Amino acid sequence: VDQVVREKNKRVLENIERIQNLYAPRREFKKKPTAKNSEDELTRVRITLLEFGDKGRLLAPNRQKSFSTEELEEKTSEVDESDVEHLFSHLSVQDKEYLEYQELSEADKERIKQNYEELRSEFSIDSQELSQQNQIKALLVTKQSVERKLSKIVGANTELREALQQLQEQCAAMGQEEEETTAEIAELIRREEESDTNVLDTVKELVMQNDALKQEEVEFKEKCRRELAELQQKIADTENKSPEEEAAIRNELEAEQQRLQVLRLQLAKQNRAIVTLQRQLDAIPDRTELAQYQRRFLELYNQVSAKHRETKHFYTLYNTLGDTKMYLTKELELLNSIYESYAATQNSTTSRAQFLKQFESLAEGIHQMKIKLKNKCSDEKVRRDGYNEQLLILIDQQRKS
C-alpha cells in the first residue's frame with residue numbers, strides 16, 4: 001500500500017509540475033515608450049502585471065484608502081474596468097512573432113541569434129567597394145541564403161510545434177490515465193474493504209508488478225530514444241565527414257585490421273602453447289590417480305606373489321619328489337644288490353664275512369648321508385627364519401613410512 005501511495009504521489013507531483021509549466025505566466029503586452037516614466041509606483045506594478053494578462057484583484061489607488069478591511073475583502077473580486085482600460089492605454093499588444101519567440105526554448109533562441117548574427121555579417125559587406133551589378137548578385141545570393149535559412153527555421157518551427165502538440169496530447173493522455181488510475185485505486189480500496197486478505201494481497205502484488213512493468217517500459221522507451229538520438233547523431237557525423245577524413249578512417253581501419261590479424265596469430269600461438277602445457281599437465285597423475293595406480297600395483301604384486309609362491313611350491317614339490325624317487329631307486333637297487341649278494345654268500349663263511357663288512361660299510365654310508373641331509377635341512381630352516389625376520393622388518397618400515 002505504501003508503494004502504491006508513493007507512486008500515486010509521484011505521478012500527482014509530476015502532473016502538477018506539467019500543469020504549472022503549461023500555465024506559466026506569458027507576456028502578452030509590452031509597455032509603450034511613453035509609459036516607461038510613470039509617476040506612481042503602484043501604477044507601474046499594475047502595468048507590469050497587465051503585461052502578463054493579470055488584471056484581477058486590483059483596485060484603484062484612491063479606493064484602497066476609503067474601504068475598511070471587511071469592505072476590501074468583499075470588493076477584492078471586483079475590478080474597476082475604467083481603471084483597467086486606462087492602464088491598457090499604456091500597453092501595446094505583442095506581435096505573434098514575438099510571442100512565438102518567447103515560447104521557444106533557450107537552444108532555439110540561441111540558434112536564431114546566431115542566424116541573425118550571420119545575416120548581419122553577410123549584410124555588412126561594404127557596398128562602396130562593389131559595383132552595382134556585384135551588389136545585385138550579392139543581394140540575390142544573400143536573399144537565397146536567407147530564404148534557405150528561413151525555410152529551415154520554418155521547418156524547425158513546424159517540427160517544434162508538432163512536438164509541442166504531441167507533448168500536449170501526451171499530457172492529456174497522461175491526465176486521462178491518471179483519472180483512470182485514480183478510479184482504479186478507488187475501486188481497489190472499495191474491493192479491499194469488501195474482499196478477504198488473500199485476494200487483497202494478490203491484487204496488491206499484481207498492482208505493484210503492473211507499476212514496476214510500466215516503470216520498466218518508460219525507462220526502456222527513454223533508453224531507446226537516447227540510443228536513437230545517438231545513432232542519428234553518429235549517422236549525421238558520418239555523412240558530414242570529408243573525403244580526406246573517410247580516407248584517413250579507411251587507412252586506420254586497414255591498419256587496425258592488420259594489427260588484429262597479427263594479434264590473432266599471436267593468440268593462436270599462445271593457445272597452442274597453452275594446449276600443449278595443458279596436455280602435459282593432464283599427463284601428470286594427481287593424487288587420486290596415484291592412489292588408484294598404487295592400489296592396482298599392489299593388486300598385481302599380490303597376484304604375482306601368489307603365482308610365484310604357487311610356482312615355487314610346485315618346483316619344491318617337484319624337486320622333493322625327484323629326490324624321493326632317486327632315494328627310493330637307490331634303496332631298491334641296494335635291496336636288490338643285498339638280496340642277490342645274500343644268496344651268493346650263504347655257501348662259504350668268507351663270503352658271508354665279506355658280505356657283513358660290505359653291509360656295515362653301506363649302513364655307515366647311509367647314516368652319514370642322513371646326517372648330511374639333516375644338516376642341510378637345518379641350514380635351510382635358518383635361512384628361512386632370516387628371510388622371515390627381514391620381511392617383518394620391511395613390513396614395519398612400510399607401515400611407519
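The values are calculated or read from the model by the stated rules, or taken from the named source; none is laboratory data. Bear in mind the structure is a predicted one, so any value in this text is a computation, not a measurement. No Cβ is skipped: glycine too gets one built from the backbone with ideal geometry, and neighbour counts run over all protein chains shown.
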ask   = Taking interchain pairs and intrachain pairs at least six residues apart, which have beta carbon atoms under 7 angstrom, with the first residue in the range 330-346 and farther than 17 Å from E360 by Cα and the second modelled with pLDDT of 75 or more and polar (S, T, N, Q)?
value = A344/S351
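Name the single residue that is surrounded by the most Cβ atoms within 10 Å (Cβ to Cβ) among those in the range 200-214 being at pLDDT below 85 and within 14 Å of R6 (Cβ to Cβ). Before the answer, list the steps.
Looking only at the range 200-214, we keep the residues that are at pLDDT below 85, and these are 200-207.
So of that shortlist, the ones also within 14 Å of R6 (Cβ to Cβ) come out as 204, 207.
Working: K204: 15, V207: 18.
So, considering only residues that are at pLDDT below 85 and within 14 Å of R6 (Cβ to Cβ), the one surrounded by the most Cβ atoms within 10 Å (Cβ to Cβ) is V207.
Could you list, in sequence order, all residues of the range 151-167 that are surrounded by fewer than 12 Cβ atoms within 10 Å (Cβ to Cβ) and either of a type outside the set (V, I, T) or not in a helix (DSSP H, G or I) (or both)?
Step one: filter the range 151-167 for residues surrounded by fewer than 12 Cβ atoms within 10 Å (Cβ to Cβ), giving 151, 154-155, 158-159, 162-166.
S151, G155, E159, E162, A163, L164, Q165, Q166, listed by residue number.
Scan the range 164-183 and tell me whether some residue there is of a type in the set (V, I, T) and either closer than 30 Å to I16 by Cα or touching a Lys or Arg at 6+ places or on another chain (Cβ under 9 Å) (or both). Please lay out each step first, then the result.
We begin by selecting, within the range 164-183, every residue of a type in the set (V, I, T); these are 181-182.
Next, only the ones that are either closer than 30 Å to I16 by Cα or touching a Lys or Arg at 6+ places or on another chain (Cβ under 9 Å) (or both) stay: 181-182.
Yes.
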query = Is it true that some residue in the range 180-194 is outside any helix (DSSP H, G or I) and not polar (S, T, N, Q)?
reply = no
task = Search the range 137-166 for residues that are at pLDDT below 80 and pair each with any residue that is in a helix (DSSP H, G or I) when their beta-carbon atoms are under 6 Å apart and the residues are at least 6 apart or on different chains.
result = T142/E122; K149/N115
